[in-house]
Amino acid sequence: MRTEFRLSGSGGQGILLAGIVLSEAAIIEDLNVVQTQSYGPEARGGSSKAEVVISDTDIDYPKNTDPDFLLALTADAYKTYGPAQGGGIIIVDSSVTLDPAIKAKTVALPIIETAVKTGKEIVTNIVALGVIVGLSKIVKQESIEKAVLGRVPKGTTDLNVAALKAGFELAAQVK
């Protein structure tokens, strides 16, 4: 089993942290994992990407070749990575206008709006993690929650757990 994830958005959305947390959840379950990241020179607003490869066997090649899951939280991320998406699933925020030329299965969910309703837009990445884990079933919900709680600032645990659960609920709505 080799599963590839590409998480993309803009600086300030917590994409890199989401990649790290997803990786740590896989490690909790004794899976092999490689995580890479890249971001633009801007502190906020520039492009941001994290790639995660999770496998139950050795990982011979650490890069994504054809992601099974693409998260695109911005229109720019969708336009950049969506056209190259092969057979995997694209998860976009519902604010992104879909391109009919992109043929990969695409799921549009109100990830950012859900984060705001949960308490703060800053937990968009945690809502997205709930969606990703809920759809992929790559790790148990308990493992991703443990990984989230190991990374979020003290005093924000309730907010982040609520955001993660909201992401699971969004994923459960996908047919």
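The values are calculated or read from the model by the stated rules, or taken from the named source; none is laboratory data. From a predicted model like this one, the values you see are computed outputs, not experimental measurements. Here Cβ is always computed from backbone atoms with ideal geometry, including for glycine, and neighbour counts include all displayed protein chains. These accessible areas exclude ligands, DNA and RNA; they are computed on the full protein's heavy atoms, side chains included. Shrake-Rupley method; radii C 1.70, N 1.55, O 1.52, S 1.80 Å.
Computed quantities for the displayed model
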item: The stretch 1-153, accessible area per residue, ligands and nucleic acids excluded (1.4 Å, Å²); result: 47 Å²
item: Bridge type composition, the chain - antiparallel percent by DSSP, nearest 5; result: 55 percent
item: Built amide H within the under 5 Å cut-off of Ser47, gap 5+; result: Gly11, Gly40
item: Two-site FRET efficiency, Ser38 against Gln173, from Cβ-Cβ distance with R₀ of 25 Å, rounded to 0.05; result: 0.20
item: Rounded, prolate or oblate (a/c below 1.5 giving rounded, otherwise prolate when a/b exceeds b/c) for the stretch 90-160 by Cα gyration tensor; result: oblate
item: Dipole of the stretch 1-121, positive end: most advanced residue of Gly82, Ile28, Pro100 [Cβ charges, Cα centre]; result: Pro100
item: Listed pairs Lys63/Lys120; Lys49/Lys165; Lys79/Lys146; Lys103/Lys165; Lys103/Lys137 exceeding 27 Å between Cα atoms; result: Lys63/Lys120; Lys79/Lys146; Lys103/Lys165
item: Cα centre as origin, Lys/Arg/Asp/Glu Cβ charges: the chain dipole, Debye; result: 360 debye
item: Antiparallel %, DSSP beta bridges [both residues in the stretch 1-93], to 5; result: 70 percent
item: Leading residue at positive end of dipole, the chain (Cβ point charges), from Leu71, Thr57, Ile122; result: Ile122
item: Derived scalar couplings ³J(HN,Hα) [the stretch 143-149; Karplus, 6.51 cos²θ - 1.76 cosθ + 1.60; whole Hz; x for Gly, Pro]; result: 5, 5, 5, 4, 5, 4, 5
item: Relative contact order computed over the chain (Cα-Cα under 8 Å; 6+ residues apart), in percent; result: 22 percent
item: The chain - percent of accessible surface contributed by carbon and sulfur, probe 1.4 Å; result: 51 percent
item: Estimated FRET transfer efficiency (Met1, Leu98; beta-carbon r; R0 30 Å; 0.05); result: 0.55
item: DSSP-assigned coil residues among trypsin sites (Lys or Arg not before Pro) in the stretch 46-100, each with at most 14 further Cβ atoms within 10 Å; result: Lys63
item: Estimated [θ] at 222 nm from DSSP helical runs (n ≥ 4, -39500 (n - 2.57)) normalised by residues in the chain, nearest 500; result: -11500 deg cm²/dmol
item: Cα-based shape type of the stretch 1-109, given that a ≥ b ≥ c are square roots of the gyration tensor eigenvalues and the cut on a/c is 1.5; result: oblate
item: Extension gain from Gln141 to Lys117, taking 0.36 nm per residue of separation minus the Cα-Cα distance; result: 6.5 nm
item: Radius 11 Å from Cβ of Tyr81, net charge of other residues (Lys, Arg +1; Asp, Glu -1); result: +1
